[in-house]
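Only one structure is covered here, and it is reproduced in the block below.
The values are calculated or read from the model by the stated rules, or taken from the named source; none is laboratory data. Because the structure is predicted, anything quoted here is derived from the model rather than measured. Backbone-built Cβ (ideal geometry, glycine too); neighbour counts: all protein chains shown. With ligands, DNA and RNA removed, areas are computed over all heavy atoms of the protein, side chains included. Shrake-Rupley method; radii C 1.70, N 1.55, O 1.52, S 1.80 Å.
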Amino acid sequence: MLCGIDEAGRGCLAGPLVVAGAVLKEPVAGLNDSKLLSEKHREALFETLLEKSESKIVFCDHAMIDTRGLSFCLRHAIETIKAHFSTHDILMDGNCTFGVEGISTMVKADALVPEVSAASILAKVSRDRYMYELAPLYPEYAFEKHKGYGTALHVNRIRQYGYCDIHRKSFKLKQLSQPTLF
């Protein structure tokens, strides 16, 4: 059995990093890299995947990213998923294992391997839903539109309102000509 792993939110300016592992119990039609699917299609596949896969989804919040670093968070999440699926072969999208032994990587696996596509969708939809839940707490940032990614809208809102509690303060923003968000 193969467990696919992928992440969502690695480069965001706000919110969590989400890493998912997925093992398909049966084939699921229409899987692909989550970035290549419409939001409506991702949402429909997410519900199907909850029924037709076994999954483990790990959230690393902004504070953990700021204090421990992104690589630590990725390693922690991968190790957590690996422990959960200890009897499975594990394939992660990309070309880096972040120091976790006993897993394989493959560039573009999220578009080529159904289990990794499933993990991509589970991570992306889980993160998006989380950001939608947070959006009403920070209405001035419009998180429901950009979900914490570094869009022009988001950067303009940071210029206008400063940083809020869920921003990753260790990330550098060239657009704001500041070395860090601290």
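For the range 150-162, the Karplus equation 6.51 cos²θ - 1.76 cosθ + 1.60, evaluated at θ = phi - 60°, returns couplings of x, 6, 4, 4, 5, 4, 5, 5, 5, 4, 6, 10, x Hz by residue, with Gly and Pro reported as x. In loop segments of the range 1-57 as defined by DSSP, the trypsin sites (Lys or Arg not before Pro) with at most 14 further C-beta atoms inside 10 Å of their C-beta are R10, K25. Taking amide H as placed 1.01 Å from N in the peptide plane, the amide H of A14 sits under 5 Å from that of R168, each at least 5 places away or on another chain. Per residue, the accessible area of the chain comes to 48 Å² when a 1.4 Å probe rolls over the protein heavy atoms. Counting only lysines at least 8 places from K40 when in the same chain, those with an alpha carbon closer than 24 Å to its own are K25, K52, K56, K108, K124, K145, K147. Rolling a 1.4 Å probe over the protein heavy atoms of the chain, with every protein chain left in place, gives an accessible area that is 52 percent carbon and sulfur.
Taking 7 Å steps out from each Cα toward its Cβ at D89 and M1 produces label points 1.5 nm apart.
Taking θ as phi - 60° and the Karplus parameters 6.51, -1.76 and 1.60, the scalar couplings of the range 6-15 work out to 8, 10, 9, x, 4, x, 5, 8, 8, x Hz in sequence order, x denoting glycine and proline. If both residues of a DSSP beta bridge must be in the chain, then about 70% of such bridges are antiparallel. For I103, no residue whose modelled amide H falls within less than 5 Å of its own remains once neighbours fewer than 5 places apart on the same chain are excluded. Model label sites at R75 and D61, defined 7 Å from Cα along the beta-carbon direction, differ in position by 2.3 nm. Residue-wise HN-Hα couplings along the range 82-91, as the Karplus relation 6.51 cos²θ - 1.76 cosθ + 1.60 with θ = phi - 60° gives them from phi, are 4, 5, 5, 10, 5, 9, 9, 6, 10, 10 Hz; Gly and Pro carry x. By the helix-only formula, in which each DSSP H run with n ≥ 4 contributes -39500 (n - 2.57) and the sum is divided by residues, the chain has a 222 nm mean residue ellipticity of -12500 deg cm²/dmol.
Close amide-amide hydrogen proximity is noted between S53 and K25, each under 5 Å apart and 5 or more residues distant or on a separate chain (H modeled in the peptide plane; Pro and chain starts excluded).
What does the charge count near K169 come to, summing +1 for each Lys or Arg and -1 for each Asp or Glu among other residues with Cβ under 15 Å from its Cβ? Walk me through the numbers on the way to the answer.
Details: positive: R68, R168, K172; negative: D61, D66, D165.
Net charge around K169: 0.
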